[in-house]
Amino acid sequence: MFQKKVMFLVLMLTNKIQLGNYLGAIKNWVKLQHDYDCLFFAVDMHAPTDRKDVVNPSLLREQTYQAIATYLACGLDPKQVTLFVQSHVKEHAELTWILTCNANMGELSRMTQFKDKSKKHGESIPFGLFAYPVLMAADILLYQTDLVPVGADQKQHVELTRDLAIRMNGLYGGSQESGQKKEALFKIPEAWIPPVGARIMSLQDPTKKMSKSDPDPNASVFLSDSDSEILKKIKRAVTDSGSEITDADDKPGVKNLLSIQSALLEKPVAEIVATYVGKQYGHLKLETAEIVVEKVRPIREKIDLLLQDKSYLDQVLKQGADQARQRAALTLKKVSERIGFISPIVSL
């Protein structure tokens, strides 16, 4: 029987998911759930690792619910995928400690993100920021993951995960016992470059990507934006000199609006360009805005509906955590036995 490869995907905690995130990644992730054994999890344990100020508990809880509601509204099916919150599966923390004992300070200090983020802390660098990659490795290895979708900035974390898995397999997974070689502790995961989604650019500076951190409120469209906000932002979008509607590289503003339409309508850009012969930029802006409104509105309304019924979200998360714990417990049990921990006596 064909067994789907295990894919592990991280849900970042934010209440500001913008159109670029949706078209560049989330839309593709929804398609992946049919072809892979997907585990999606909200990384609430990662949230305090880079704490500069006191973490706002209410905000963290709200962002966690918001992330789960958003991905469900975008099309993730809890009957198809394992969807859970990281802190609901205690094995993440337990395996992190074991891996920490087998990680080297030198390799952790060389992590690019640690070097970049630690600069703002001066001498008071949180240990969580230093150990963050080990927690990420535990996240991946717990589920005997085959594939980890990553961007260029996260590839180093997958390499560290592979190094830790190979090291642990060498120490505890490859010895001879009763004439038989032990099964490896961990599957060695592969970094996986996902299909290229639409590259959506800033509405105010189409030479750079749309970003939730852009200080210009008119630069990004968010899935939480109202119909009127979307219309206003796209009508104010920067276009280009001239009047011809084309996807030429020297017209980045026009090209960006055409890309948005193409991604949402799932039509080739050339086919869309053909409909604008003899039309003006105003037509392109208005029609792009109307398309975005029609596609974003049902997602926004479903997010709002889900957030009004957190009991349903809790039910989804309990189901996902139960499924995740069953799988994580098998890995942790094997690791604990190989290390030499005595199995606990369970009272009936």
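The values are calculated or read from the model by the stated rules, or taken from the named source; none is laboratory data. These numbers come from a predicted model, not from an experiment. Counting neighbours? That spans all protein chains shown, and the Cβs are built from the backbone with ideal geometry, glycine included.
Taking region 234-254, which residues are at negative phi and out of contact with any helix residue (DSSP H, G or I) (no Cβ under 8 Å at 6 or more places or on another chain)? Those that are at negative phi and out of contact with any helix residue (DSSP H, G or I) (no Cβ under 8 Å at 6 or more places or on another chain): 236, 241, 244, 250, 251, 252, 253. Checking residue 99 against (1) surrounded by 21 or more Cβ atoms within 10 Å (Cβ to Cβ); (2) within 29 Å of residue 313 (Cβ to Cβ); (3) hydrophobic (A, V, I, L, M, F, W, C), which single condition isn't satisfied? Going through the list (1) surrounded by 21 or more Cβ atoms within 10 Å (Cβ to Cβ); (2) within 29 Å of residue 313 (Cβ to Cβ); (3) hydrophobic (A, V, I, L, M, F, W, C), residue 99 breaks only (2).
Residues of region 184-198 that are modelled with pLDDT under 85 and surrounded by fewer than 15 Cβ atoms within 10 Å (Cβ to Cβ): 193, 195, 196.
Pick from 267, 302, 279, 233: which is more than 14 Å from residue 200 (Cα to Cα), buried (at least 21 other Cβ atoms within 10 Å of the Cβ) and of a type in the set (Lys, Arg)?
Result of the check over 267, 302, 279, 233: 233.
Every test in (1) closer than 26 Å to residue 18 by Cα; (2) exposed (fewer than 15 other Cβ atoms within 10 Å of the Cβ) is passed by residue 124 save one, and that test is (1).
Could you tell me whether region 169-182 includes any residue that is without any contact (Cβ under 8 Å) to a residue 24 or more places away in the chain and within 23 Å of residue 324 (Cβ to Cβ)? Yes: one or more hits.
Residue count for region 60-119, restricted to those that are assigned to a helix (DSSP H, G or I), under 24 Å from residue 336 (Cα atoms) and touching a residue at least 60 places away in the same chain (Cβ under 8 Å): 7. The residue pairs whose first member lies in region 275-296 and is in contact (Cβ under 8 Å) with a residue 60 or more places away in the chain and not assigned by TED's automatic domain parsing to the domain that holds residue 21, whose second member is β-branched (Val, Ile, Thr) and crowded, with 19+ Cβ neighbours inside 10 Å, and whose beta carbons are closer than 7 Å, counting only pairs six or more residues apart or on different chains, are 292/221; 292/230; 292/234; 292/260; 293/230; 296/230.
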